[in-house]
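Reading through the structure tokens given below for one structure.
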Amino acid sequence: MIRSFTGGTLAFALTMAAQGAEAGEQTAAEPVSLNAVMEQIQIEREELQRQEMRIAEQRARLQHLEDQVLGRMRGTGAGPGSGVPAMASAQADAPPAPGQVEQVGERPEEKTRMPEVAVLADQGGILTKAGRITLEPNLEYARADRNRFVFRGIEVPQSVLVGVFDINESRQDILTAAMVGRFGVTDRFEVSARVPFVYRDDKAVLVPLVQNPPQSGVGTINTSADGAGLGDVELSARYQLTDGTGGWPFLIGGVQVIAPTGEDPFEVPRDALGNATKAATGAGFWGVAPSLTILMPSDPATLFASVGYTYNFGKDVNQRISDALIERVKPGGAPNATVGLGIALNPQLSLSLGYAHTWQFATKSRIRPISISNGVEALGDPIRSKTRDLQVGRFLFGIGYRVNRRTTINWTVEMGATDDANDVRTTLRIPFNLN
């Protein structure tokens, strides 16, 4: 470029010199033309240096952007092993690297996609993008078998019991079909609602205070109750606190409100002994449950944890059950924690393992006994009762299969690890992105 310009300038200078010679001014014109050429050469060199500096700055900006993209992809577990390309080839006809899938025109949101963990059904994993609506039908089944044996007396060698005993066996089956709707207010904030329909079947066997030998005692009492209807509606809001870059995990804060829309256990019909003849479909109390979920991607696995607390509001019941008036009931709070590991087996299939524990504090009640004297009922002094704390531990297992960009099938299983937990609980969730 400089040579061409210089040659053209020299030709121009020679032409000017020839014209000056004809005018008798050749001696004065020639040195002026050479100086102009040298100045033009210097200008071109400076312009070339400026262009080189701009190219260097653009190369630095490009390298910075590439580093940002690669950093986010490493933070979300993306890469050649996960089916997401590390970086699109600069040439359209360049072949993909070995073991790497070439995807042209992929949306940036997929590269920074938050990992989804199947066992975090209650807390959720991926937030709904701004303006999107997700509908999630789910089906859940829970089974609880509880056996209790209380002996009052003495025990002689060879396990011969002398005294009275109380055997209580109960079985509970709960089938829940629910619809969950989520709406992304922003890319970091979503609101959701869960509307469940509950079918519940309770059975119990009671042998109360039977003396030894059996023929001297009272017969066995069998109770059975079932019920179906609307359960407790849940309203939730979640906000993503971090974006998972710079070595930070994904942090998601949430709050859930439980409304007592299901049938109240204190309002179901009961027999003369106080046993329910119809199963309740709700808890009967308002509740608020804040939580914090932590997701730490580490390709190809994701570490996750969740901590929360459920606060239950007490209420005045004023309901008579058998020979007692239940005045007020205040369920205890319930701190809970979950920890586990999610593993991506391939771009579509993931496996989750974890453990969850809930410490259910005691329920406090104020009860007034009802006595009958000469056909007249009289209320006794209030008695404050308190149940024992419950320790509910569960082993978690889950499988997630991503059918397409809109649908992921999640199946989870919870197995009871403590006496107070359900024996088994399994849930099938199939979310659909509408837009």
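Taken over segment 417-435, the residue count meeting the criterion of being part of a loop (DSSP other than H, G, I, E, B) and under 28 Å from residue 387 (Cβ atoms) is 7.
Note on segment 240-270: among residues that are polar (S, T, N, Q) and modelled with pLDDT of 90 or more, the one that is nearest to residue 282 (Cα to Cα) is 261. Just one of the listed residues (384, 405, 366) is touching a helix residue (DSSP H, G or I) at 6+ places or on another chain (Cβ under 9 Å) and either of a type in the set (D, E, K, R) or surrounded by 14 or more Cβ atoms within 10 Å (Cβ to Cβ) (or both), and it is 405. Looking at residue 170 and the list (1) closer than 26 Å to residue 222 by Cβ; (2) modelled with pLDDT under 80, which single condition is not satisfied? It is condition (2) that residue 170 fails.
The rows are residues; the columns are (1) of a type in the set (S, T, N, Q); (2) buried (at least 16 other Cβ atoms within 10 Å of the Cβ).
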| residue | (1), (2) |
| --- | --- |
| 318 | yes, no |
| 338 | yes, yes |
| 342 | no, yes |
| 360 | yes, yes |
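For segment 364-379, filtered to residues that are closer than 16 Å to residue 327 by Cβ and aliphatic (A, V, I, L, M), the residue that is farthest from the chain's Cα centre (by Cα) is 378. For beta carbons closer than 6 Å, sequence separation of 6+ or different chains, a first residue in segment 237-250 that is in the same structural domain as residue 187 (by TED's automatic domain parsing) and a second that is exposed (fewer than 14 other Cβ atoms within 10 Å of the Cβ) and of a type outside the set (Phe, Trp, Tyr), the qualifying pairs are 239/253; 241/253. Among the residues of segment 286-303, those identified as over 20 Å from residue 237 (Cβ atoms) and assigned to a strand (DSSP E or B) are 296, 297, 298, 301, 302, 303.
Only a single item in (1) over 33 Å from the mean Cα position of the chain (by Cα); (2) more than 27 Å from residue 222 (Cα to Cα); (3) at pLDDT 75 or above is not met by residue 158, and it is number (3). Of all residues in segment 339-356, those satisfying the criterion of being under 16 Å from the mean Cα position of the chain (by Cα) and farther than 18 Å from residue 287 by Cβ are 339, 340, 341, 342, 343, 350, 351, 352, 353, 354, 355.
Name the residues in segment 236-292 that are of a type in the set (Asp, Glu) and closer than 30 Å to residue 323 by Cα, would you? Correct list: 263, 264, 267, 271.
If you go through segment 323-358 and pick out every residue that is of a type outside the set (A, V, I, L, M) and either outside the structural domain of residue 290 (by TED's automatic domain parsing) or within 20 Å of residue 304 (Cα to Cα) (or both), you end up with 14.
Entry remark, segment 319-345: residues being among the β-branched types (Val, Ile, Thr), in contact with a Gly (Cβ under 9 Å, 6 or more places away or on another chain) and within 29 Å of residue 371 (Cα to Cα) number 2 in total.
Do you know which residues across segment 323-340 are modelled with pLDDT of 90 or more and in a strand (DSSP E or B)?
327, 328, 329, 330, 334, 335, 336, 337, 338, 339, 340
The values are calculated or read from the model by the stated rules, or taken from the named source; none is laboratory data. Everything numeric in this text was worked out from a predicted model, so none of it was measured. Cβ: placed from backbone, ideal geometry, glycine included. Neighbour counts: every protein chain shown.
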